[in-house]
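Enquirer: Dropping a structure here in structure tokens format, bear with me for questions.
Nothing in this text is a laboratory measurement; each read-out follows from the coordinates by a stated rule. Worth saying up front: this structure is predicted, and the values here are computed from it rather than measured. In this analysis, Cβ positions are derived from the backbone assuming ideal geometry, glycine residues included, and neighbour counts consider all displayed protein chains.
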Amino acid sequence: MGKASVNLAAGMLAALLMAGAYASGGAIEVRVVGPDGAPVPGVVAFVEGGVAQPRPEDAEIAIMDQVDKQFLPHILVVRKGTPVTFPNSDPVAHHVYSFSRPNNFTLPLYKGNPHEPITFEYDGVVTLGCNIHDNMLGYIVVVDSDAFGLTDESGSVTLEATDAGEELRVRLWSPRIRDDETALVSPVVTVQGKPAPVVFALNKRLRPERGDSGSSVEWSDY
């Protein structure tokens, strides 16, 4: 991950249940569980260590919408060099910005979709806000990889790595996960042979999901 993500919230990997893993056909099965063993959805997972293929010129532009005074999706994952458009589907105006250097930008007060897409040339986490509505918060995770995704409700995601036979690693990111993000990386994964899941078992209690204020934090969670 680039330096832009170092100062953002990330978390502790207490144990990687597989000391190493092999995946056939370029597919790496990733699963993330919390301290209680429950699956953790909405976690960014991506492969690093390989050589990302050039982004096709006809690849679709990514979309970060604004609906009901919230960014939609809450977390968007894109490849480095991907243009992202920011339509405003609300009846009220928004002023979108990010201070996350070197991907910082601002889109002055607008309705509809009058602005050109923003192309993110640097990997890292881009934190989004609105100068009009302080409760709006979103993230764009820019990765130098072509194998990435978000975990589903079962805490799982399949990453289609193109570098079969190469020694790769899987990295995680989520605003809900605490502590040092450098711990959120797997041992070497070799894309060959018998498939095996890469399981991340998180040690720290997760931050509440977006909009959930009912979960207090114990002193022992820090």
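Enquirer: Roughly how big is the range 55-153's charge dipole about its Cα centre, with Cβ charges of +1 (Lys, Arg) and -1 (Asp, Glu), in debye to the nearest 20?
Expert: 360 debye
Enquirer: While we're here: In whole Hz and in residue order, list the ³J(HN,Hα) couplings for the range 128-133 that follow from phi through the Karplus curve 6.51 cos²θ - 1.76 cosθ + 1.60, θ = phi - 60°; x for Gly and Pro.
Expert: Each residue's phi maps through the Karplus curve to give 9, x, 10, 5, 9, 10 Hz.
Enquirer: Tally Lys/Arg at +1 and Asp/Glu at -1 over every other residue whose Cβ is under 13 Å from the Cβ of Asp68; what's the total?
Expert: 0
Enquirer: Continuing with this model, one more query. Need one number: the % of Cα-Cα pairs in the range 62-142 sitting beyond the 16 Å mark.
Expert: Result: 42 percent of Cα pairs exceed 16 Å.
Enquirer: Determine the gain in length on full extension of the stretch Asp134-Ala59; use 0.36 nm per residue of separation and subtract their C-alpha separation, reporting nm with one decimal.
Expert: Values: separation 75, 0.36 × 75 = 27.00 nm, distance 3.28 nm.
Additional length available on full extension: 23.7 nm.
Enquirer: Ok, one more. Figure the gain on full extension for Arg210 and Val92 (residue separation times 0.36 nm, minus the Cα-Cα span) and round it to one decimal in nm.
Expert: On the way: separation 118, 0.36 × 118 = 42.48 nm, distance 2.18 nm.
Stretched out fully, the Arg210 to Val92 stretch lengthens by 40.3 nm.
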